[in-house]
1. Specify the angular offset, from 0 to 90 degrees and rounded to the nearest 10, of the alpha carbon long axis of helix 236-249 from the longest principal axis of the alpha carbons in the chain.
2. Treating the angle as unsigned and between 0 and 90°, give the value, to the nearest 10°, between the Cα long axis of helix 85-94 and the longest Cα principal axis of the chain.
3. Step through the residues of the stretch 250-261 one at a time and calculate ³J(HN,Hα) from phi using the Karplus curve (6.51 cos²θ - 1.76 cosθ + 1.60, θ = phi - 60°), rounding each to whole Hz and writing x for Gly and Pro.
4. Considering only C-alpha atoms, what is the centroid distance from the stretch 231-253 to the stretch 47-83, in Å?
5. Listed here are the pairs Lys111/Lys218; Lys109/Lys305; Lys173/Lys218; Lys111/Lys216; which of them are more than 31 Å apart at the Cα?
6. Taking the Cα centre of the chain as the origin and placing charges on Cβ (Lys, Arg +1; Asp, Glu -1), which of Gly246, Leu19, Val4 is farthest toward the positive end of the dipole?
7. Quickly estimate the mean residue ellipticity at 222 nm for the chain, helices only: each DSSP H run with n ≥ 4 gives -39500 (n - 2.57), and the total goes over all residues, rounded to 500.
8. Could you sort the peptides 295-302, 148-155, 117-124 by per-residue average Cβ neighbour count (10 Å cutoff), highest mean leading?
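Derivation of every value follows stated rules applied to the coordinates shown; laboratory data play no part. Note that the coordinates shown come from a computational prediction; the quantities given were computed from them, not determined experimentally. So basically every Cβ, Gly included, is an ideal-geometry build from the backbone, and we count neighbours across all protein chains shown.
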Amino acid sequence: MTRVFSGIKPTGPVQLGNLLGALRRWVADQDDADTVFCVVDLHALTVPQDPAELRTRTLELAQLLLAVGIDPDRSTLFVQSHVVEHSELSWILECTAAFGELRRMTQFKDKSEGADFVSAGLFTYPALMAADILLYDTDEVPVGDDQRQHVELARDLAIRFNHRYGDTFVVPKATFPAAGARVMDLQHPTRKMSKSEESPQGTILVLEPLDQVAKKIKRAVTDAETEVRYDPEAKPGVSNLLSILGACTGDDPAELAGRFTRYGDLKAATADAVVEVLRPIQQRYAELAADPAGTAAVLAKGADKARAVAGPVLERARANLGLLPRT
Ligand code: TRP
């Protein structure tokens, strides 16, 4: 069976774009792949974090993943720092990667430019991400476009290591969500829906009050025309609403356009559809949030399951490298 691995950072509230673009696909992947999902708390440390906040966010993100439908019986769901193998393989891969290769990562360039403190971890982050992926003999990594280069690097490192030290790692490949699942900011529909701090009215959070969700959609920016048509270039606002509605109902956005003659009706239908997607998630989340010990137990079991796969892979790498056996 195909092994799928993906990770998500506990650094901010999850928004509708993450849900429709990535998380719902993770849920669907459970039906036909061996899925491993990780809350990558170590990746959050590349920039300073408030300790109490990091702890809460990590637990809350795990609860949200459970609430959207990640099933710990069918998937391996765990917190990265609970499986120390990630840190150990990360070092080995830092020594496999070339300095120049890490320096070329566009995300590093973007995030370090103009920052007054750039941690060494921000620079070596892709080696940790490669470790996440390679520890599970991963075949496929579902990611957004912004992570394409990092998965390519994981692939290059696996190939290089195998070439130098003998067959050790499965060589992974990135997979990308189908077009249409890309959710844009409601107020600035030519840019991706991302951080709520940057555009609170343009961003829908998965856990925000549902009446507020509906309000934001009804106030979404459209254009001065009146025709409902799917045309992301010429009509980004209207097209974004159509893609969001389509992602919620499973319909094709261009086909949906034909059902509406007024922007107001499209907005109302989109608001209803989003609210109906979010409602059961919020209910389930509230139940999980009321039982943090229950989630902790689920995560402990997930870490055991993860270790059972990661441990032998790391041992393989250690042995091939010539590290003295621990026993
Ligand atoms: N770097 C990814 C992001 O910022 C998160 C991540 C960490 C990840 N490790 C991973 C994604 C492994 C896929 C596979 O979104």
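1. For 236-249 against the chain, the angle is about 70 degrees.
2. Once rounded, the angle reads 80 degrees.
3. x, 8, 7, x, 5, 6, 4, 3, x, 8, 10, 10
4. 31
5. Going by Cα-Cα distance, Lys111/Lys218; Lys109/Lys305; Lys173/Lys218 fall outside the 31 Å limit.
6. The one lying farthest along the dipole's positive direction is Val4.
7. Helix-only estimate at 222 nm: -16500 deg cm²/dmol.
8. 148-155, 295-302, 117-124
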